[in-house]
1. For region 193-231, which positions are in a loop (DSSP other than H, G, I, E, B), modelled with pLDDT under 90 and surrounded by fewer than 19 Cβ atoms within 10 Å (Cβ to Cβ)?
2. From the list ASP123, ASP98, which one is among the acidic types (Asp, Glu), surrounded by 14 or more Cβ atoms within 10 Å (Cβ to Cβ) and assigned to a helix (DSSP H, G or I)?
3. State all residues of region 62-95 that are farther than 17 Å from LEU19 by Cα, touching a helix residue (DSSP H, G or I) at 6+ places or on another chain (Cβ under 9 Å) and assigned to a loop (DSSP other than H, G, I, E, B); if no residue qualifies, say none.
4. Take LEU18 and tell me if it is surrounded by fewer than 22 Cβ atoms within 10 Å (Cβ to Cβ), under 21 Å from VAL196 (Cβ atoms), under 13 Å from the mean Cα position of the chain (by Cα) and modelled with pLDDT under 95.
5. Please find, within region 107-138, the residue that is farthest from TYR62 (Cα to Cα) out of those that are touching a residue at least 40 places away in the same chain (Cβ under 8 Å) and of a type in the set (A, V, I, L, M, F, W, C).
6. Does SER190 qualify as being outside any helix (DSSP H, G or I) and out of contact with any Phe, Trp or Tyr (no Cβ under 9 Å at 6 or more places or on another chain)?
7. Filter region 179-192 down to the residues that are among the small types (Gly, Ala, Ser) and surrounded by 12 or more Cβ atoms within 10 Å (Cβ to Cβ) and list them by number.
8. If I ask for residues that are touching a strand residue (DSSP E or B) at 6+ places or on another chain (Cβ under 8 Å) and hydroxyl-bearing (Ser, Thr, Tyr), which ones from region 172-229 would you list?
Amino acid sequence: MTNIHLIGGEKGGVGKSLLARLMAQYLIDQSMPFIGFDSDRTHGALLRFYAGYASPILIDNYESLDTIVEAAVENPERRILVDLAAQTNAGLTQWMEDSQLLEVAAEIGLNFRYWHVMDSGRDSVDLLRRLLDKHGTHLYYTLVLNQVRGDDFRILDASGEKERALSMGAGVITLRRLHETSMNKIDAGSMSFWAVVNKTEGDNSGLRLLERQRVKMWLKRAFAEIAKVGV
C-alpha cells in the first residue's frame with residue numbers, strides 16, 4: 001500500500017505548510033523515499049524549502065490532481081505528501097467523488113490519511129466536523145493540534161469531535177510553538193530544517209547558538225509526535 005498524506009485544515013494560517021515541511025524533513029532523516037505535491041500557487045512551502053522533492057499541482061485541474069495517484073502507483077514504496085492550500089477542500093473532494101477514489105483506493109493499493117491541522121479556535125473545530133461528516137471512515141485521520149496561537153484546546157475537547165475522530169481510529173499529535181524570531185530567521189533565509197540544524201556553509205539564517213539549540217529540541221519533539229502516529 002502507498003501512503004498518501006493529505007495535509008490540510010482549510011483555514012489559513014494554522015500551520016499546514018509548516019507540518020508539510022516537518023514531514024518532508026522527517027522522511028528525509030529517516031531515509032524514507034517520498035515525493036511532495038504543493039497546491040499553493042503563491043507561497044508553496046514544499047516548493048520553496050524542499051524543491052528537489054516537490055512538484056506543483058492545480059486543485060482545479062483534474063489532470064494535475066491525477067498525477068498524485070499516478071506517482072503513487074508508479075512507485076508503491078514511496079510516500080506521497082500533498083500540501084493543501086487554504087480553501088482547497090471543495091476542489092479536492094469533487095475530484096475524489098468524480099473519480100470514486102476513496103471507494104477504490106484499497107483495490108489500487110492506496111491508503112489516504114488526512115492530517116487536519118488545527119489551532120485552538122472554533123473555526124478549526126467546525127471544519128473538523130464538516131470533514132468527518134463528509135468523509136466518515138473513508139479516510140484515515142490525524143488531528144494536528146498546533147500551538148501557534150495558544151495551547152488551550154478546550155473548545156475542541158468540549159465539542160465531542162475529537163472523541164468522534166478517535167472512534168474512527170484517528171491519531172492526535174501536538175506541535176509546540178517555536179519562538180517566532182527563530183522561525184522568522186529560518187523562513188527569511190529560505191532554509192530547510194536540516195540546513196539550520198547542521199549549520200551548513202550557506203546558512204544565512206543568523207541563528208545564534210542557543211536559538212539553534214532550541215530549534216533542534218523543537219524538531220526532536222515534533223519528529224517524536226510524527227513517529228507516534230507513523231507515516
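The values are calculated or read from the model by the stated rules, or taken from the named source; none is laboratory data. The shown structure was predicted, so the numbers you read here are calculated from the model rather than taken from an experiment. Every residue, glycine among them, receives a Cβ derived from its backbone with ideal geometry; neighbour counts consider all protein chains shown.
1. LYS199, THR200, GLU201, GLY202, ASP203, ASN204, GLY206, ARG208
2. Result: ASP123 is the single residue among ASP123, ASP98 that is among the acidic types (Asp, Glu), surrounded by 14 or more Cβ atoms within 10 Å (Cβ to Cβ) and assigned to a helix (DSSP H, G or I).
3. ARG78
4. Spelling it out, LEU18 is indeed surrounded by fewer than 22 Cβ atoms within 10 Å (Cβ to Cβ), under 21 Å from VAL196 (Cβ atoms), under 13 Å from the mean Cα position of the chain (by Cα) and modelled with pLDDT under 95.
5. MET118
6. Criteria not met by SER190.
7. SER182, GLY189, SER190, SER192
8. Correct list: THR174 only.
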